[in-house]
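Notes for the one structure printed next.
The values are calculated or read from the model by the stated rules, or taken from the named source; none is laboratory data. Everything numeric here is computed off the predicted structure, so don't read it as measured data. The accessibility values were calculated without ligands, DNA or RNA, using every heavy atom of the protein model including side chains. Shrake-Rupley method; radii C 1.70, N 1.55, O 1.52, S 1.80 Å.
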Amino acid sequence: CGACCRWPGSVLLGDDDVAALAASLGLLPKEFIDRHAALARNRAQLTLKEQPGGACEFLDESGHCRVYAARPAQCRDFPAAWHVSGCPAVSGEPPPRQ
């Protein structure tokens, strides 16, 4: 449903995520990091940048992921590997409003 892509929070990136995302966008890994990543709150990893309001920067106006085929492992594993209150896929609750 894309609701998870609208929640503020960190999408942590591993080296494989950076490589896949960079390749999908036709960028070198360093270019991808410079344009689309930031230091995570844990100060030990990179995270995807967010749009104002907390939505993922790769979520387009129609609610689709612009990098779906190369999305990070954290996104691919959601919600199966996660227990998040408010997730409609897990709890049956409606998605949060922007």
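Some observations on this one:
- √(5λ) per eigenvalue of the Cα gyration tensor, region 20-71, largest first, Å: 18, 16, 8
- Put H64, H36 in order of accessible area, highest first, and with a 1.4 Å probe you get H64, H36.
- Close amide H contacts of L46 (hydrogens built in the peptide plane, cut-off under 5 Å, sequence separation of 5 or more or a different chain): L13, A40.
- The stretch between R76 and N42 holds 10.1 nm of extra length on full extension. This uses 0.36 nm per residue minus the Cα-Cα distance.
- Extension gain (nm, one decimal) between E31 and Y68, 0.36 nm per residue minus Cα-Cα: 11.4 nm
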